[in-house]
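To keep things clear, I will list the structure first and then write my remarks on it.
The values are calculated or read from the model by the stated rules, or taken from the named source; none is laboratory data. None of these values were measured; they are calculated from a predicted model. Cβ placement follows ideal geometry from the backbone for every residue including glycine, while neighbour counts extend to all protein chains displayed.
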Amino acid sequence: MRLAGAIVTLVIGAPVMIGAVLTIATAFGWQPGLGRVDLGFGGFVEGVGAPGILTSLRLTLVTGIGATVLSLAASIPLARWLVTRQSASRWMTPLLAVPHAALAIGLAFLIAPSGWASRLVSPWATGWALPPQIVTVGDPWGVSLILGLMLKEVPFLTLMTLVAAAQRPVSEQMAAGRALGYAPGRAWARIVWPQLYPALRLPVLIVLAFSLSVVDMALILGPSNPPTLAVRILRLYGAPDPAQAVPASALAVLLLAVMAGSAALWLAGEKAVARIGKAAIWQGHRGRSGKNWPAVALIGGGGALALGALGALILWSLASFWRFPDALPADLTLERWASADWAGPALTSLTLALASTALAMILAVLWLESEDRAGRRLPLGALIVLPLLLPQIGFLQGLTTGFLWLGLPPGALAVTWAELLFVFPYVMIALAGPWRALDRAQLASAASLGAGPWRRLVAVKLPMLLGPICAAAAIGVAVSVAQYLAVLLPGAGRVQALATEAVALASGADRRLAAILALMQAALPWAGFALALAIPAWWHRNRRGLRGGAL
Amino acid sequence: MKFLLSALTLALPLATPAFADWAQTEAEAKGQTVYFNAWGGDPRTNAFIEWVSEQMQEKYGVTVEQVKLSDTAEAVSRVQAEKAAGKDEGGAVDLIWINGPNFLAMKEAGLLHGPFVADLPNAKYLDLSTGSAASTDFTVPTDGYESPWRLAKFVFDYDTDRVSEPPKDMAGLLDWAKAHPGRFTHPNPSNFIGASFLKQALVEMALDPAALSQPVTDAGYAKETAPLWAWYDALRPFMWREGTAFPENESVQAQLLADGEVDFGMHFDPAAPAAMIEQGVLPPSVRVWVPEGGTIGNISYVAIPYNAAHKAGAELVANFLLDPATQAHMQDIRVLGSFSVLDPSKLDDAAKAAFAALPTAPALPTLDDLGPTLSEPHPSWMTKLTEDWAQRYTK
C-alpha cells in the first residue's frame with residue numbers, strides 16, 4: 001500500500017512538481033547553467049511587454065473558455081439523444097480516438113478558402129475560379145480553433161455524461177418528468193442533467209485546461225500574428241537567445257494563473273447558473289414536445305466536418321496534383337505512400353505508446369490491487385489528475401531541464417516518462433470504475449477455494465477484467481499517440497513521432513506528406529480500439545457473462 | 001620575398017601534423033553516429049542528407065542521423081539548455097545547419113566548437129580570404145567556427161498562368177499589388193524568409209546602403225528604414241488578408257501559390273521552384289523572378305556545438321560536404337539544385353567537367369538570370385527590423 005503510493009508519487013507527481021517549480025524559477029530569472037541567477041521580475045516585464053500580448057491573452061481566454069462552454073452546451077442534447085441509443089454512441093469512438101493534430105490537419109484541408117469544401121462547390125455554384133478572399137483557417141477570432149477543439153471535446157463530454165447517466169435511474173426520471181408533462185428536452189436538461197453535472201465537473205475542468213493550453217491544434221488552426229499564449233510560449237522557448245527562456249517561463253506562469261483563474265471563474269459560474277437554473281425550474285414551464293433538433297444538427301454538422309476532414313486527408317495522400325477549383329485530384333497515385341518516410345515515425349509512436357501504456361497499466365493495477373489488499377482507497381486522487389489540470393507547456397520544458405539534471409538525456413526514455421504522465425490518469429480512470437465494480441462474490445469463492453491474493457489477481461480478477469483492461473489500453477495508446485509537446489520537448493528532436501512529424505509537415509510545402517502522417521497518426525489509435533473490441537470478444541467467445549459492452 | 005619564404009618554411013612543418021591529425025580524426029570518427037540538426041521542411045534536402053549518410057557510412061563508417069527541425073533555433077536552444085544543465089560533454093547536437101543570427105548568437109555565447117574549418121582537407125577548394133563570401137556570414141567573420149556547404153540567394157516565384165509580367169523592383173511591386181489586391185503576401189518576418197523579404201526591400205530602398213554593413217544604430221536605423229516603412233504601409237492594405245495574417249514560412253506560402261490564394265512565392269534557394277514543380281507541389285507554369293537590381297544572398301554553413309558528443313564524425317561530415325563530387329551532386333537539379341560554395345578557380349579539370357555536365361530544367365535559372373548578389377545587412381539590422389515589424393503590425 002505504502003509502496004504503491006510512493007511509486008505513483010515518485011513517477012507521476014514528482015516530475016510534474018519538478019517541472020512546474022523549475023519553470024517558475026526560470027520565470028524569475030534563475031538560469032544557473034548560463035551563470036545567470038539575478039532574480040527579479042524582468043522576465044514578466046519583458047513577456048507581458050511583447051507586442052500583441054493582450055490579443056494573445058484574449059485569444060487564449062476566448063478559445064479556451066469558448067470551446068469549453070460550447071462543447072458542454074452541445075453535449076447536453078447529444079447525450080439525451082444517445083442515452084436511449086447506447087449502440088449509436090459507439091460511432092463517437094473514432095472521433096474520441098483521433099489525435100488532435102491529425103484532426104486539425106484534416107479540418108484545415110477541408111475548410112481553408114481553397115479547401116475541399118470550397119472546391120466541391122466551385123466554380124459551378126459559387127463562380128470562384130480563384131479561392132475566395134475569405135478568412136477561415138487561422139482566423140483572428142479563433143473560430144476555426146474553437147471548432148477543431150469542439151470536434152474533440154463534444155464526444156468526450158457526451159461520453160462522460162453517458163457514463164454518469166448509467167449510474168442513475170435516468171429512464172425512470174425521464175418517465176416521471178414526461179408524466180408531469182415536461183417535454184423530453186426539458187425533462188433531460190432540467191431534471192436529469194443537473195444531477196449528472198457533479199460527475200462532469202472534473203472532465204469539464206480537464207477540457208478547460210486542455211483548451212487553454214493546446215499547442216498542436218493552435219499551430220494548425222489558430223491565428224499566427226499574434227498566436228495564442230501557449231504557442232507564443234513555445235516560440236519563445238525555441239528562440240536562439242537563451243535569455244528568452246525567462247520571458248517564456250514568465251508567460252507559462254501567467255498561463256498557469258489564467259488556468260487557475262478560469263477554473264475559479266468556472267466554479268463561481270456554476271453557482272450562478274445553478275441559481276438561474278433553479279429559478280427557471282421553479283417556473284415550471286413544461287416546454288413543447290418536438291424532435292431533438294439540436295442533436296440532429298450537431299450529429300449532422302459534426303459528422304460532416306469529421307468525415308470531410310477524413311476524406312480530405314485520404315484524397316490529399318493519394319493526389320498526384322490537385323489544383324483549385326477541381327473537386328477531385330486529377331490523378332490518384334500511391335507514389336507518395338511508397339516514397340514518404342511514414343513507417344519510421346509510426347514505429348516510434350507505436351513503441352512509445354506500447355511502452356507508456358504498459359507502464360501505466362502496471363502502475364494502475366499496482367494501485368488498485370494495493371487498495372483491494374488494504375481494504376481502503378489511496379489518498380492520492382488529486383495527484384492522478386494533476387498532469388491533466390496544469391497547462392502542459394507550464395511544466396514540460398522545466399521537466400526537460402530536470403531530466404537533464406537527473407542524468408536522463410533527451411530521447412525515447414525521457415519521452416516515454418513524459419507521456420506516462422498523461423497516459424496514466426486516463427488508464428487509471430478507465431480501469432478504476434470496472435475494477436471497483438467487480439463482483440466480489442467471485443473473489444470470495446476463489447478465496448474459499450484456497451486461492452491466495454496473487455492467484456486471485458492473476459486467475460480471477462485480470463481475466464474477468466480483460467474487456468476493461470483492453471479498453472483502458474486502447475485509451476492509453478490513443479492518448480500517447482496524440483501527445484505533441486511531450487514528444488517535442490523531452491525528445492529534443494531525437495524522437496520523431498507521428499505527432500511531431502505531422503505538425504512539422506503541416507507547415508511544409510507538400511500537403512500530401514502531411515496527409516499521410518496525419519492518417520497514420522489517426523490509424524494507430526483506431527487499430528488500438530478495434531483490437532480492444534476484438535480481443536475480449538475472441539477470448540471470451542465461450543463466456544457469455546463476460547461478453548460485450550466494454551467500449 | 002624573403003619574408004614569404006621564411007613564412008613558408010615555418011608553415012611547412014606545421015602542415016604535416018595537421019594531416020596526421022586528420023587521419024586521427026577519421027579513425028576517431030569510425031562508428032560514430034552524427035546527429036545532424038537541420039531544418040526538415042524541405043524533402044529534397046532531407047533526401048540529400050540521407051544520401052550523405054549512405055556515403056559517409058560507405059566511406060568512413062560514420063552514420064548521419066538527421067534531426068529534422070522546424071526552426072534552426074530549436075537546436076540552438078537545445079545546446080543552451082544543455083549548457084544550462086551543466087552538460088558540457090556528450091551533448092545531443094553534433095552538427096547544425098546554421099547561419100546569420102543563430103550563428104552570431106551561438107558564437108557570442110561560446111556555444112561552438114572550433115575553429116576547425118582550416119583543418120578540413122577540402123577547405124583548399126574554398127576562398128577563405130578575409131571578407132570572402134565563404135568566410136563571412138551576414139557580414140560577421142566566421143573565424144573558422146562554421147564550414148560552408150550551400151549557396152543561398154533570395155528569389156521570388158510566380159505563376160505565369162496568372163501573372164503575365166512580374167514587377168521590375170519593390171516599388172513596382174506596390175503598383176502591382178494595388179492593381180491586384182489580396183494577391184500578394186510574404187512569410188511572417190519572425191521566419192527567416194519573411195525577414196529576408198524585408199531586408200531585400202531595405203537593401204533596395206536604403207538611402208546609404210553602406211550603412212547596412214555596420215552594426216545598427218538608432219539614428220542610422222530610423223534614417224535608413226524610413227523609405228522602407230513608407231513603402232510597406234502603402235503596400236500592406238493591398239496584401240492577402242489585408243496584411244493582418246501571414247503564412248508561417250515559405251513552404252506554406254508555396255501551398256498558397258499552388259492553390260491560387262496568392263500569386264507570388266519567395267525562396268532563399270533559386271532551385272526551389274524547379275524542385276517543387278518536379279515534386280508536383282507547384283504547377284509547371286511557375287517561374288523564378290528576380291528584381292532588376294539583384295537580390296541578397298548568403299551561404300549556408302554547418303557548425304559543431306562546443307559539447308557535441310561526436311565532434312570527429314561531425315568534422316568528417318563537414319569535410320565531405322565540401323568535396324567537389326558532393327558539391328556537384330548537390331547542384332544537380334534532380335538532387336537539390338543548390339549552387340556550389342567552392343571557388344571555381346581552385347577546382348581541377350575533372351571537378352570542373354562534373355559541374356559542366358549537370359542537367360537543366362525550364363524553371364531553373366542560370367547564374368546569369370539571377371543577376372547581382374547583394375550583400376546581407378549586418379545581423380543586428382535583421383533583429384531590429386523584425387522586432388520593429390512586430391511592434392508596428394502585431395496588435
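The set of residues in segment A:405-418 that are within 11 Å of another protein chain (Cβ to nearest Cβ) and either within 20 Å of A:GLY344 (Cβ to Cβ) or touching a helix residue (DSSP H, G or I) at 6+ places or on another chain (Cβ under 7 Å) (or both) comprises A:LEU408, A:PRO410, A:GLY411, A:ALA414.
For segment A:128-168, a residue qualifies if it is among the small types (Gly, Ala, Ser) and part of a helix (DSSP H, G or I), and the qualifying residues are A:SER144, A:GLY148, A:ALA164, A:ALA165, A:ALA166.
The numbered conditions (1) within 26 Å of the chain's Cα centre (by Cα); (2) within 14 Å of chain B (Cβ to nearest Cβ); (3) at pLDDT below 90 are all true for A:GLY222 except (3). Hey, can you tell me all the residues within segment A:24-70 that are among the hydroxyl-bearing types (Ser, Thr, Tyr) and within 13 Å of chain B (Cβ to nearest Cβ)? If the condition is that a residue be among the hydroxyl-bearing types (Ser, Thr, Tyr) and within 13 Å of chain B (Cβ to nearest Cβ), then A:THR26, A:THR55, A:SER56 are the ones that fit.
Hey, does segment B:272-287 have a residue that's away from chain A (no Cβ under 13 Å), more than 30 Å from B:GLY90 (Cβ to Cβ), surrounded by fewer than 24 Cβ atoms within 10 Å (Cβ to Cβ) and not aliphatic (A, V, I, L, M)? Yes, segment B:272-287 contains at least one residue that is away from chain A (no Cβ under 13 Å), more than 30 Å from B:GLY90 (Cβ to Cβ), surrounded by fewer than 24 Cβ atoms within 10 Å (Cβ to Cβ) and not aliphatic (A, V, I, L, M).
Table: residues versus (1) within 14 Å of another protein chain (Cβ to nearest Cβ); (2) crowded, with 21+ Cβ neighbours inside 10 Å; (3) closer than 24 Å to B:THR72 by Cβ.
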position	(1), (2), (3)
B:GLU224	no, yes, no
B:TRP229	no, no, no
B:ALA234	no, no, no
B:GLU242	yes, no, no
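Is there a residue being touching a Leu at 6+ places or on another chain (Cβ under 7 Å) and surrounded by 17 or more Cβ atoms within 10 Å (Cβ to Cβ) anywhere in segment A:439-453?
Among the residues of segment A:439-453, not one is touching a Leu at 6+ places or on another chain (Cβ under 7 Å) and surrounded by 17 or more Cβ atoms within 10 Å (Cβ to Cβ), which makes the answer no.
The listed residues are A:LEU408, A:LEU443, A:LEU457, A:LEU378, and the only one of them that is more than 27 Å from A:ALA25 (Cα to Cα), free of Cβ contacts under 8 Å to residues at least 60 places away in the same chain, more than 22 Å from the chain's Cα centre (by Cα) and not assigned by TED's automatic domain parsing to the domain that holds A:ARG232 turns out to be A:LEU443.
Of the listed requirements (1) under 19 Å from the mean Cα position of the chain (by Cα); (2) surrounded by fewer than 19 Cβ atoms within 10 Å (Cβ to Cβ), B:LYS59 misses just one: (1). Taking the stated definitions as given, is B:ASP263 farther than 25 Å from B:ASP137 by Cα, surrounded by fewer than 19 Cβ atoms within 10 Å (Cβ to Cβ) and of a type in the set (Asp, Glu)? No, not satisfied. Being crowded, with 24+ Cβ neighbours inside 10 Å, more than 30 Å from A:GLU172 (Cβ to Cβ) and outside the structural domain of A:PRO425 (by TED's automatic domain parsing) holds for only one residue in A:SER213, A:SER224, and it is A:SER213. Scanning segment B:163-183 for residues that are within 12 Å of chain A (Cβ to nearest Cβ) and either within 22 Å of B:ALA271 (Cβ to Cβ) or not basic (Lys, Arg) (or both) gives B:HIS180, B:PRO181, B:GLY182.
Evaluation of A:THR55 against the conditions (1) in contact with a helix residue (DSSP H, G or I) (Cβ under 8 Å, 6 or more places away or on another chain); (2) crowded, with 17+ Cβ neighbours inside 10 Å; (3) closer than 22 Å to A:PRO227 by Cα shows that the sole unmet condition is (1).
For segment A:319-347, filtering for residues that are surrounded by fewer than 19 Cβ atoms within 10 Å (Cβ to Cβ) and part of a helix (DSSP H, G or I) leaves 7. For segment B:323-340, a residue qualifies if it is under 9 Å from B:TYR125 (Cα atoms) and under 15 Å from the mean Cα position of the chain (by Cα), but none of them does. The residues of segment A:1-32 that are closer than 22 Å to A:ARG376 by Cα, surrounded by 17 or more Cβ atoms within 10 Å (Cβ to Cβ) and at pLDDT 85 or above, listed by number, are A:VAL8, A:ILE12, A:GLY13. Of all residues in segment B:78-134, those that are polar (S, T, N, Q), crowded, with 21+ Cβ neighbours inside 10 Å and either out of contact with any Leu (no Cβ under 9 Å at 6 or more places or on another chain) or more than 14 Å from chain A (Cβ to nearest Cβ) (or both) total 2. List every residue pair whose Cβ atoms sit under 6 Å apart, with the two residues 6 or more apart in sequence or on different chains, where the first one lies in segment A:86-111 and is touching a residue at least 40 places away in the same chain (Cβ under 8 Å) and the second, anywhere, is in a helix (DSSP H, G or I) and among the acidic types (Asp, Glu). Between residues of segment A:86-111 that are touching a residue at least 40 places away in the same chain (Cβ under 8 Å) and residues that are in a helix (DSSP H, G or I) and among the acidic types (Asp, Glu), the close pairs are A:HIS100/A:ASP216; A:ALA101/A:ASP216. Of the residues making up segment B:22-29, not a single one is touching a Phe, Trp or Tyr at 6+ places or on another chain (Cβ under 8 Å), surrounded by fewer than 16 Cβ atoms within 10 Å (Cβ to Cβ), touching a residue at least 24 places away in the same chain (Cβ under 8 Å) and away from every other protein chain (no Cβ under 13 Å). Within this structure, B:PRO273 fails the test of being of a type outside the set (Lys, Arg) and touching a helix residue (DSSP H, G or I) at 6+ places or on another chain (Cβ under 6 Å). Could you tell me how many of the residues in segment A:118-151 are within 13 Å of chain B (Cβ to nearest Cβ) and either in contact (Cβ under 8 Å) with a residue 24 or more places away in the chain or not β-branched (Val, Ile, Thr) (or both)? Residues meeting the conditions: 18. Within segment B:142-162, the residues that satisfy the criterion of being away from chain A (no Cβ under 14 Å), closer than 26 Å to B:PRO284 by Cα and not aliphatic (A, V, I, L, M) are B:ARG150, B:LYS153, B:PHE154, B:PHE156, B:TYR158, B:THR160. Per the conditions (1) in a helix (DSSP H, G or I); (2) touching a residue at least 24 places away in the same chain (Cβ under 8 Å), the sole criterion not satisfied by B:LYS352 is (2).
Give me the helices (runs of 4 or more DSSP H) completely within segment B:143-257, filtered to those with at least 2 residues that are at pLDDT below 95, under 22 Å from B:ARG392 (Cα atoms) and in contact with a Pro (Cβ under 8 Å, 6 or more places away or on another chain), ordered by residue number. It comes to B:192-205. Taken across segment A:445-452, residues that are aliphatic (A, V, I, L, M) and within 14 Å of another protein chain (Cβ to nearest Cβ) do not occur at all.
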